[in-house]
1. From the Cα gyration tensor of segment 38-117, with a ≥ b ≥ c the square roots of its eigenvalues, which class applies: rounded if a/c is under 1.5, or else prolate if a/b is larger than b/c, or else oblate?
2. Work out from phi, with θ = phi - 60° and the Karplus expression 6.51 cos²θ - 1.76 cosθ + 1.60, the ³J(HN,Hα) of each residue of segment 81-87, listed in order in whole Hz, and give x for Gly and Pro.
Amino acid sequence: MSSSSLSPAGSDGDSTGVGTVAADHRREKRRLSNRESARRSRLRKQQHLDELVQEVARLQAENARILGRANDISGQYVRVEQENTVLRARAAELGDRLRSVNEVLRVVEDFSGVAMDIQEECPPDDPLLRPWQIPCPGAAMPIAHMLQY
């Protein structure tokens, strides 16, 4: 047997073996680097997912708070509207009573000859008795102001 038949690579076997070991080492190093990069990428994705889950929880809590506030405002609106209905009916009733009293006073004034101080209707400057009229146009505020929190 010759020496070249003992070594499969021949006389160049030593340099080729070193080259193969170096290539294997580079491949292994690259594989480890890729593995580490993939691990970091998974960690970043998990961290991002955790942040999104926290954001969803925060937004759901905020939505629940806003919904509660909207329900409170809606309830207040219903109560105020009911109170306004009662007050308007009362104002109308008082206006009718005032007209009746004024009619009686006119009859008394006509028959007695004594001048009566008869107040005609409601005072024009009483905004509480005229709820459909805003007393000061600058005082009107948009409803969006009530919805701020």
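Read the figures in this text as sums done on the coordinates, not as results from a lab. Keep in mind it's a predicted model, so treat the numbers as computed, not measured.
1. Judged from the Cα gyration tensor, segment 38-117 comes out prolate (a/c at least 1.5, a/b above b/c).
2. 5, 5, 4, 4, 4, 5, 5
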